[in-house]
Amino acid sequence: MPAPDLETLTSLAKRRGFVFPSSEIYGGFASTWDYGPLGAELIRNIKDAWWRRVVHMRPEVVGLNASILMHPRIWEVSGHIEHFADPLVECPICRRRFRLDDVPDGKCPYDGGQLTDPRMFNTMFRTFVGPVEDDASVAYLRPETAQSTYVNFKNVRDTARVQMPFGIAQIGKAFRNEITTGNFIFRSREFEQMELQYFVEPGQDDESHEDWVDARFAWWQDLGLEPRRLRLRPHSPEELAHYAKATTDIEYEFPFGWGELEGIANRTDFDLKRHAEASGTDLSYFDDAARQHVTPYVIEPAAGVDRAALAFLSDAYTVQEVAGKPRTFLNLDPRLAPFKVAVFPLARNRPPLVELATRIADDLRANWPIFYDASGSIGRRYARQDEAGTPFAVTIDFDSLDDQTVTVRERDSMRQERVASDGLRAYFADQLAW
Ligand code: GAP
């Protein structure tokens, strides 16, 4: 099954309520997107799956949820004010601006104009805190969650009773004033990250880096991404970020080509040492065995929620021919699917059917997000849920009133079976287990 093109995906995402262009009734706002009812569930499930695997299933990892606005000194000390910049070139004819690496031939893709020499453009968003807009009130919207973890290192070390190696995980928004955005939700100026800072003894960093690359690569596959559309790409020395000793990207073959889903960096002791020096705070760890203080090295798996959503949607998009007609469905892993079960009374104008269906839906709702739909032909209702990625549908028909059984239809195979209505909870508990 070839990957869908981006237009098809964008249109399905809009039609079904996964992703809407932001500020649409005002004509939209450059490369900003809103997650609709299904999208909000999808990204919640992605973040839950990540948190479960990275935090809850590891005794040595704890969570953090820090503020986006922080002391501006942090960004000086971390090197972001100096280094977090992209080379920008401009077309003298149409005044359009590009990132240098997006225009390898040095010509404007719109009118062929010879682009200017590159100048570095810092992509951090600046704002002012308080009513006065002067240098003293400058603040930045964070371009990564990582720095807020480093500046909380001491707080976590002193309160969470952690022993090295240990990790601090965080999910949250990040902002970058990207020169060029695009490819739907792949590159935007406001996005969400899932980042782990994993603190290890210096000398054990290379091995830990490899372990995390393997663990993270396996996670994407476990949640259903096609292995042939995933690959690892180590960074060349020239492209390493200013803080990194080594980085390996996990790339996915998006509808527009290969792109980064997640980067796993070895950040050494760069950030902790700099913050310790600048703040005068001890950010070391006392190694009991060696009886000395060490500044840990950091291994950082950093993934994007929005890119994850795009990859899962794109990978799940399936068109199949059924009885000579195309059938479109999203074969999302049930753990990621926005709704787990759809409940349909066969006819909406028959009170006993509606009553039973409502009772079943309410009963299942205690455990899973349920979509209840009483209108339209049964075929249409199935088709709508197929496009929403709902793994199961339960139909309550006239026989159900006599024999207390219902039809359960599975999304991918369209296989149907009769299940006792009072056994549905147990049935789905089994089918929808993590
Ligand atoms: N703390 C390390 C860090 O921020 P990064 O590779 O620059 O590393 C991590 O970002 C992840 O954040 C990327 O792998 C990508 O999934 C996501 N990301 C980065 N920039 C993005 C953008 N402009 N739009 C959407 N997602 C982005």
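All of the numbers you see were taken from the coordinates with simple rules; none came from a lab. These figures come from a predicted structure and were not determined experimentally. Neighbour counts run over all protein chains shown; Cβ positions are idealised from the backbone, glycine included.
Numbers at a glance
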| quantity | calculated |
| --- | --- |
| Positive-end residue, the chain charge dipole about Cα centroid, Cβ charges, pick of V77, N45, G167 | N45 |
| Burial order of peptide ranges 146-157, 107-118, 261-272, 394-405 (average beta-carbon count within 10 Å, highest first) | 261-272, 146-157, 394-405, 107-118 |
| Taking all pairs of distinct alpha-carbon atoms in region 1-152, Kirkwood radius in angstrom | 19.8 Å |
| Dipole magnitude of the chain about its Cα centre (Cβ charges: Lys, Arg +1; Asp, Glu -1), debye to nearest 20 | 1200 debye |
| Relative contact order, percent, region 292-428 [alpha-carbon distance under 8 Å, six or more residues apart] | 22 percent |
| Of R233, R335, R95, the one that fluctuates the most in a GNM where the chain has Cα springs shorter than 10 Å | R95 |
| Per-residue HN-Hα couplings for region 165-180 [Karplus 6.51, -1.76, 1.60; θ = phi - 60°; Hz; x = Gly/Pro] | x, 9, x, 10, 10, 8, 10, x, 6, 9, 9, 9, 7, 4, 5, 10 |
| Karplus-derived 3J(HN,Hα), 6.51/-1.76/1.60, for each residue of region 256-264, Hz, glycine and proline x | 9, x, 6, x, 6, 9, 8, x, 10 |
| C-alpha long axis of helix 270-279 to longest principal axis of the chain, angle in ° | 60 degrees |
| Residues whose placed amide H lies under 5 Å from that of G17, excluding near-sequence neighbours | none |
| Helix 378-388 vs. the chain, principal-axis angle (Cα, 0 to 90°, nearest 10) | 10 degrees |
| Per-selection metrics, region 280-434 (Cα): Rg and Dmax in Å | 23.0, 77 |
| Distance from region 280-307 to region 165-244 (C-alpha centre basis), Å | 17 Å |
| Formal net charge of residues neighbouring V138 (Cβ-Cβ distance under 12 Å; K, R +1; D, E -1) | -2 |
| Between helix 351-365 and the chain: long-axis angle, C-alpha atoms, 0 to 90°, nearest 10 | 30 degrees |
| Hydrodynamic radius by Kirkwood, which averages 1/r over all alpha carbon pairs of the chain, in angstrom | 24.4 Å |
| Highest average packing first - 158-169, 278-289, 37-48, Cβ atoms within 10 Å | 37-48, 158-169, 278-289 |
| Number of Lys pairs (Cα under 21 Å; 8 or more positions apart or on different chains) in the chain | 5 |
| Alpha-carbon centroids, region 334-391 and region 99-116: separation in whole Å | 52 Å |
